[in-house]
Amino acid sequence: MQQQKSTSKDFLSATNIIGITAALDDSTGLKKSEAAKSESKFETKIIKTACRACIANCGVIAHVKNGRVVKLEGNPEDPMSKGRMCAKGLSGIQALYHPNRNKYPMMRVGKRGENKWKRISWDEAIDIIAKKLMETREKYGAETVFASTGGGGNPEIWSIARFCNIFGTPNWFEPGCAQCYLPRVLAYTMMYGGVDPSIADSNALELYFPEETPMKTLVLWGTAPSYSCPASGGGAVVDIRAKGVKTVVIDPRFTPDAAKADVWLPIRPGTDVALMLAWIRYIIDKELYDQEFVMKWTNLPYLVDVKTNMLLRAEKSRIPGIPDTFMVWDTKTNSVQPLEYPWNDKLSPALEGDFMVNGVQYKTGFQLLKERVESFTLQKAAETCWLDASKIEEAINIFAQNTPSAIALGVATDQTPNSVQAAMSAAIIDLLMGNVEKPGTLMQRFKTSGTFDMPNYPVPIAVNRLPKEQLKKRLGGIEHKGLHIWYAGHPSSILEAILTGEPYKPRVWIDRSGNKLASVANSQKWVKAIEELDFIVHMYMYPTSFSAYADILLPTEEWLETDMLVETCNTLVARQATTHLWETIDETVIWSKIAKRCGELGHEECKKAFDPEYMGDDLAYWDSVDEIFDHFLSRIGLTWKKLKEISPYEYMPKDEWKRYYVYKEINSTTGKPAGFNTPSKKCELYVESMITLGRTGQPFSGCELPPASKDYDPLPYFLEPHESPLPGSELAKEYPLVMTGGRVPFYHHNTLRNIPWLREIYPVPELWIHPKAAEIYGVSEGDWVWVESKRGKIRAVASVTEGINPGTVYMERFWNPETLNTETHGWKEMNVNMLTKEDAPFNDVVGTYTLRGFLVKVSKADGPPKGIWLKPEEFKTWLPQPSDTTEEVK
Ligand SMILES: Nc1nc2c(c(=O)[nH]1)N[C@H]1C(S)=C(S)[C@@H](COP(=O)(O)OP(=O)(O)OC[C@H]3O[C@@H](n4cnc5c(=O)[nH]c(N)nc54)[C@H](O)[C@@H]3O)O[C@H]1N2
Ligand SMILES: Nc1nc2c(c(=O)[nH]1)N[C@H]1C(S)=C(S)[C@@H](COP(=O)(O)OP(=O)(O)OC[C@H]3O[C@@H](n4cnc5c(=O)[nH]c(N)nc54)[C@H](O)[C@@H]3O)O[C@H]1N2
Ligand code: SF4
Ligand SMILES: [Mo]
C-alpha cells in the first residue's frame, strides 16, 4: 500500500488542538451520517457519543460541521470519565480522517507479503471469503478455519465467537484472554461469583463516588490506571486520593500512580504470587483477618479430604438455591458435624486443624491455606521479589489496618504462567479481610441493566450451536479448561498445530485486529506459521504489518463511525456514528454477511442462522446493528433510536443500583440468605471447583471433556519465572536483565502508531534502565540500544532512570507504520513481542504464556533502525486529508 503524499496543510503541534480542528473545517465532500444529515452548511451539530480509542468508553461530545467531525470534548454527564478525555481519545479525528485508511475491500495481487492490492467490491470480497471457507471445511473440516480478534474489551470479541460457533469451528483466539483479564474473571467468578476489581476493565465502580465511599486504602497491584485508563479510572484514583485515601502501589515501574503512593514496592517482574502468599501469611499470623467473616462466610472451616483434595459433604443438595451441606470439626463435641447453610449457632467449628476420622485424614481449608503459605515469610518474599521486608510490612499494615481497603488488580499478573494463582491470591487477601460487598471495597455485585446476555456487548454467541464433537477439538481446550469460560482457544496451541500439523493443521485465518505481529508472543514464529496457511483475511481500519501477509483486506469503521451500546455504572450510553467514510462497514455486520454467503453456498447451520424461529434466544443474524440493539433494549422498554436521543440514560436510580451486602439479602424462595454466587454460596478460598474444572471442563465447557494431564490446584502456588535471574541460572549469565512491560498513555495496543500528534509525543519506545545497569552495559540517556532475548533482537531508546530496579528493564509494544512497505513490514524494528515467550511452561488452568518477567541483554546500538521516523515533520504525511465522497454502503 502506498503512503499518501503530504498534505498542503502545515504540520501543527500536538498541543494545538484548536488549530487542527479549524484547519479541518473548510474541507467538504463527505457522505453525511444519519446523525449529521439535517444540519445546514455551517451549523455545528453536537452528537453525544463514547470514545473507543481504548477500552474505557469515555463519554464524548462530538462537534460535526457540514458532515465533518471538527472537535471532540469530554462529556461531563459520563459517570466514570466525568468530562475528561485523554490524548488517544482526542486523536480520534486524526484516526478517522487518516489518509491511509482502508477505504475499500482489497484483494492481493502480488506475492504474499509483497503488499500489492487491487480494489474489489464488497460482494466479491464476501464471495471469495465464503467460498474459501466452504472449500476448506469440506476438504479438511470446519476446525481448520480459525479466527482471531483484537483484544482488550473489544466488543467484537463475541461476533467472532458467534461466527465460529455457527460455522462449526472451536478455534478462535484473542492475544489477551489467558494473558489478559480471563485469569482474573475466572478466579473471582469461581471464588465469590461477582465482578473482579480491575480498574482498567471499567470495574472497581466504588472508586467513581469519591464523596460517598468510606474507602481508606487502595492497593494498585500491577495496574497503572494513570496510563491504562487516564480519563476514567486514572482520574477516579486521583479523586479518591485527594479525599485522603492511602495507596500502595506494587509495580516495577515508577509510574505516576507509584509516584503518589504511600508505599511503592518495585517488585521483580513475575514474582507477585510470592509476595501475595507472604501477605496472606502475615495476615493470618498476626490475626489481622476478619474472623467472623472467615468463619461464617468462607469455606475455610470446611473439612478437606487430604487424599482426594475434595471437601467432605454430609449430603448433596437436591433443592435449587440450597447448597450441599459440608462437614466441619465441632470443637464443642470434638466430632465431625454437618454445617447446614448458612450457619448453626449450636456448633463451634474449628478454623484450623488436622483430624483423623475413621482412618481418613481431614484438614480444614484454613489449615491447608496456612500450610501453603508457611514458608513465605517477609524475609523470603523480600529476597524473592527484590524488595525491602520492612516496606512490605508497612504496606500490609496500611492495607489491613487502615480500612475499608481493597486490592485493584491489573493485567501484569495475567502475563506470566502464574496468572490464575495471582488472581486467586489477591482474592484470598481481600476475602480474608472481609473486603467484599461492603461499602468502601471493590468486590461488588452492583446491579446491571439486564439488557445484555453477554458482558459488554450484546451479540449473542450462540454457544450451543457448536457441535459437541467440534468443541472437543478446541486447540488447547483439554489441557487449559479455564479458557472455556470465554469459549476461547489457546494461541500457542493453534500456532503449534499449524507448524506441526498435530493434532490437525489449521489452514485459513480470519483476523480483525490492529497488528497481530505486535501483540502475540514471539511473533517471528507466527510468520513461519503464516507461510503455511492457505488463506488469510484481515479486517481493520488501516493497513498494519499483519495486512501485508493477508489475501483479502476488509475496511472497517473507526469508532467515530460506529454505533454501539455501552453500559457504564448505572447508565446506558449510545456510541453513535458521527459520520461515515468510504466503504467501511460495521464489523458486526461483516460477520453476518460472511455467514449469509456460506449459507447460500450450502452451509446448513449458516442458512438456519437467519431463521428467527430456529435461532430463538440465540437471535437470527441481522442486516444492521440497529436490529440487535432494538432487540436487547426492548427488555427495558427502549429502542436504539430513543436511546440515541436520551443517552447517557440512567437505567436505574443510583441507590437501587449500588447495592451492598447482596449475600445477606433473604431469598424469598429458600428463606435463607442469598449468599455468594458459588456452589457452596460461601466465598470459596479453597477452590474445590478447580478440580472439577480440570477433570471435566464443568461448569464452563458446553459438554464434559476428558481430564487435563494434572488436577488444577485448589490453592495458589508460586512458580519462579522459567527464565530466572536468580543465582545458578545458566541463561542469566548471557541474559542478565529481567524484561517487563506496561502501558504508555499514547497508544492502545497496536493502534494509533500512525497518529501524528501521538508519534510527536512518543515517537519511539523507551527502554527504562537503572543508572547502575546502564553503567555496566555502557548505555547513556537517549542512546539507541539493542535489546535481545533468546528469541529475537530489537532496538529502543534508553531512558536511564531510578524509577526501576537495577535488575529490571521495561519496554512497551511498538511497531512502525512508516516501514510498512519495506521488507520488515514495520513489525521487526522495535517490537517487544519479538522477544516474548510463546512456549511452555503455560499456566495450567488457562494456558498463559510469558509476556512479562523473561530475560534479556542490553547493549549500545549505532543508531536507529533504517527508515523509521523520529521528527514531527516526518509525520506530516499522516495528517488528515479531505476525504472521498462515497456512495451509501449497503
Ligand atoms: N508484550 C506484550 N504483549 C501484549 C500485551 C502486553 O502487555 N505486552 N498485552 C496483551 C493484551 S492485555 C491484550 S488485550 C492484547 C491486545 O492485542 P490485540 O488484540 O492484537 O490488540 P489490537 O487489535 O491492536 O487492539 C485492540 C483493538 O480493539 C479495536 N477496537 C476498539 N474499539 C472497537 C470497537 O468498537 N469495535 C471493534 N470492532 N473494534 C474496536 C481496535 O481497533 C483494536 O484493533 O495484547 C496482548 N499482547
Ligand atoms: N494507553 C493504553 N491503555 C490501555 C491499553 C493500552 O494498550 N494502552 N490496553 C487496555 C488493556 S487491554 C488492558 S489489559 C489494560 C491493562 O491495564 P493495566 O493493568 O493498568 O496495565 P499495564 O500498564 O500493562 O500494567 C500495569 C503495570 O504493571 C507493571 N508491571 C509490569 N510487570 C509487573 C509485574 O511482574 N508485577 C507487577 N505487580 N507489576 C508489573 C507495569 O509497569 C505497569 O505499570 O489497559 C487497557 N488500557
Ligand atoms: S481513556 Fe482516553 S482513549 Fe480511553 S476511552 Fe477514555 S478518552 Fe478514550
Ligand atoms: Mo488486555
*Please find the FRET efficiency linking residue 464 to residue 375, where r is the Cβ-Cβ separation and R0 is fixed at 35 Å, and quote it to the nearest 0.05.*
0.15
*asked:* Given the C-alpha atoms of segment 55-184, compute the convex hull and give its volume per residue in Å³.
replied: 189
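Report the GluC sites (Glu not before Pro) located in segment 228-331 that are in a DSSP loop and have at most 11 other Cβ atoms inside 10 Å of their Cβ, or state none.
Values: sites: 287, 292, 315; in loops: 287.
Those that pass, being in a loop and sparsely packed, are 287.
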*segment 685-821: translational diffusion in µm²/s, Stokes-Einstein, Kirkwood Rh over Cα pairs, 37 °C, 0.692 mPa s*: 176
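With charges only on Cβ, +1 for K and R and -1 for D and E, what is the dipole size of segment 561-717 about its Cα centre, in debye, rounded to 20?
With Lys and Arg at +1 and Asp and Glu at -1, about 700 debye.
Taking a cut-off of 21 Å, what percent of all Cα-Cα pairs in segment 554-628 are separated by more than that?
Numbers: 1098 of 2775 pairs.
Here the long-distance tail beyond 21 Å is 40 percent of all Cα pairs in segment 554-628.
Looking at the chain only, what percent of DSSP beta bridges run antiparallel? Nearest 5 please. Walk me through the numbers on the way to the answer.
Numbers: 56 of 95 bridges.
In the chain, DSSP labels about 60 percent of beta bridges as antiparallel.
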*Along the positive direction of the dipole of segment 469-615 (beta-carbon charges: Lys, Arg +1; Asp, Glu -1; about the Cα centre), which of 606, 524, 554 reaches farthest?*
524
*Taking the Cα centre of segment 34-139 as origin and charging only Cβ (+1 Lys, Arg; -1 Asp, Glu), how large is the dipole, in debye to the nearest 20?*
480
*Taking all pairs of distinct Cα atoms, average 1/r, flip it, and tell me the Kirkwood hydrodynamic radius of segment 628-670 in Å to one decimal place.*
12.8
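Give, in whole angstrom and from largest to smallest, the semi-axes √(5λ) of the equivalent ellipsoid of segment 329-379, with λ running over the eigenvalues of the Cα gyration tensor. All intermediate terms of the calculation are to be shown ahead of the outcome.
Details: eigenvalues 123, 42, 15 Å².
So the equivalent ellipsoid measures 25, 14, 9 Å along its semi-axes.
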_Range of Cα positions in segment 642-729 per principal axis (Å), largest first_ = 62, 38, 28
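Output the pairs from 286/447; 363/710; 307/658 with a Cα-Cα distance over 32 Å in this structure; if there are none, say none.
Numbers: 286/447 36 Å; 363/710 22 Å; 307/658 43 Å.
From the list (286/447; 363/710; 307/658), the Cα-Cα distance tops 32 Å for 286/447; 307/658.
Grab the DSSP H runs of the chain that are 4 residues or longer, score each as -39,500 (n - 2.57), total them, divide by all residues and round the 222 nm result to the nearest 500 deg cm²/dmol. Walk me through the intermediate numbers first.
Working: 28 runs with 231 residues, N = 890.
So the helix-based figure for the chain works out to -7000 deg cm²/dmol.
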*asked:* Let me see the P(r) profile for the chain: every Cα-Cα distance counted, bins of 20 Å, each bin given as a percent of all pairs.
replied: 15, 48, 33, 5, 0
_Would you calculate the convex hull of the Cα atoms in segment 528-662 and tell me its volume per residue in Å³?_
192
_I'd like to compare 799-807, 53-61, 140-148: which one has the highest average count of other Cβ atoms within 10 Å, and what's the full order after that?_
53-61, 140-148, 799-807
_Approximate shape of segment 389-482 as ellipsoid semi-axes (Cα gyration tensor, √5λ), whole Å, largest first_ = 35, 21, 10
*About the Cα centre of the chain, what is the dipole size in debye to 20, counting +1 per Lys and Arg Cβ and -1 per Asp and Glu Cβ, all else neutral?*
820
_Against the empirical 2.2 N^0.38 Å scaling, what ratio does the C-alpha Rg of segment 249-317 come to?_
1.65
_Separation between Cα centres of segment 48-120 and segment 632-681, rounded to whole Å_ = 33
*Note down the relative contact order for the chain as a percent, whole number, built from C-alpha pairs under 8 angstrom at least six residues apart.*
20
*asked:* P(r) for segment 749-890, please, calculated from all Cα pair distances in 10 Å bins and given in %.
replied: 11, 34, 31, 16, 6, 2, 0
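Give me the Kirkwood hydrodynamic radius of segment 455-579, using the inverse of the mean 1/r over all pairs of distinct Cα atoms, in Å to one decimal. Walk me through the numbers on the way to the answer.
Values: mean 1/r = 0.0588 Å⁻¹.
Roughly 17.0 Å, rounded to one decimal.
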*Over all pairs of distinct alpha carbons, what does the Kirkwood formula give as the hydrodynamic radius of segment 267-386, in Å?*
15.8
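Where a number appears in this text, it was derived from the coordinates with a stated rule and is not lab data. None of the values given here were measured: they were computed from a predicted structure. Positions of Cβ are generated from backbone atoms using ideal geometry, with glycine treated the same way; all protein chains shown enter the neighbour counts.
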